[in-house]
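Participant: The structure's right below; bear with me while I get my questions together.
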Amino acid sequence: MMLRLGLCLLILPVVALLLLFFIEQARVDDCLAMGGSYDYLKAVCDLQTSHPFVPLMARFGTWINLAMLLSCLGLVFSVLGLYKKA
């Protein structure tokens, strides 16, 4: 049981972050293809004003740190689950 929980905690937060990143990246690519500038803070395409790049960590720092903390906890649970089975 601990191994299963550990693997879920290890994998699911990373998958969620990857989904967030790639969905946003698709929006940015669509915006740039239309000749616009993507406003990262408002998450909209602006066809008139140029906007600076704002990293994902600066915008979703709490969520990213929480996801990494859950992944580390999942690693610990996975190791403990494997240790108890041996």
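Participant: Once you order the gyration tensor axes a ≥ b ≥ c over the Cα atoms, which shape class does the range 25-65 get: rounded for a/c under 1.5, otherwise prolate or oblate by comparing a/b with b/c?
Facilitator: prolate
Participant: Moving on. State, to one decimal in nm, how far the label point of LEU19 lies from the label point of LEU56, with both points 7 Å from Cα in the Cβ direction.
Facilitator: With each label placed 7 Å out from Cα toward Cβ, I get 1.3 nm.
Participant: Tell me which chymotrypsin sites (Phe, Trp or Tyr not before Pro) from the chain have a DSSP coil assignment and no more than 14 other beta carbons within 10 Å of their own.
Facilitator: Numbers: sites: PHE21, PHE22, TYR38, TYR40, PHE53, PHE60, TRP63, PHE77, TYR83; in loops: TYR40, PHE53, PHE60.
Of the chymotrypsin sites (Phe, Trp or Tyr not before Pro), the ones in loops of the chain whose Cβ has at most 14 other Cβ atoms within 10 Å are PHE53.
Participant: While we're here: Step through the residues of the range 27-41 one at a time and calculate ³J(HN,Hα) from phi using the Karplus curve (6.51 cos²θ - 1.76 cosθ + 1.60, θ = phi - 60°), rounding each to whole Hz and writing x for Gly and Pro.
Facilitator: So the J values, rounded to whole Hz, are 5, 5, 4, 4, 5, 5, 5, 7, x, x, 10, 7, 8, 5, 6.
Participant: Which three semi-axes in whole Å describe the equivalent ellipsoid of the chain, each the square root of 5 times a Cα gyration tensor eigenvalue, listed largest first? Intermediate values should be presented prior to the final figure.
Facilitator: Values: eigenvalues 295, 27, 8 Å².
Equivalent ellipsoid semi-axes, largest first: 38, 12, 6 Å.
Participant: Count neighbours as other Cβ atoms within 10 Å of each site's Cβ, and list the trypsin sites (Lys or Arg not before Pro) in the chain that are DSSP loop with at most 10 such neighbours.
Facilitator: Loop-located and lightly packed - LYS42.
Participant: Rounded to a whole number, what % of the accessible area of the chain do carbon and sulfur atoms account for, probe 1.4 Å?
Facilitator: Answer for the chain is 73 percent, counting heavy atoms of protein chains only.
Participant: Moving on to the next point. Can you show me the helix-derived [θ] at 222 nm for the chain, built from DSSP H runs with n ≥ 4 at -39,500 (n - 2.57) apiece and divided by the number of residues, rounded to the nearest 500. Write down the numbers at each step before the final one.
Facilitator: Working: 3 runs with 61 residues, N = 86.
Computed ellipticity for the chain at 222 nm equals -24500 deg cm²/dmol.
Participant: Name the long-range amide H neighbours of TYR40: under 5 Å, sequence gap of 5 or more, or other chain; modelled H, no Pro or chain starts.
Facilitator: The answer is VAL54.
The values are calculated or read from the model by the stated rules, or taken from the named source; none is laboratory data. Everything numeric in this text was worked out from a predicted model, so none of it was measured. Heads up, the Cβs are rebuilt from the backbone with ideal geometry, glycines too, and the neighbour counts pull from every protein chain shown. These accessible areas exclude ligands, DNA and RNA; they are computed on the full protein's heavy atoms, side chains included. Shrake-Rupley method; radii C 1.70, N 1.55, O 1.52, S 1.80 Å.
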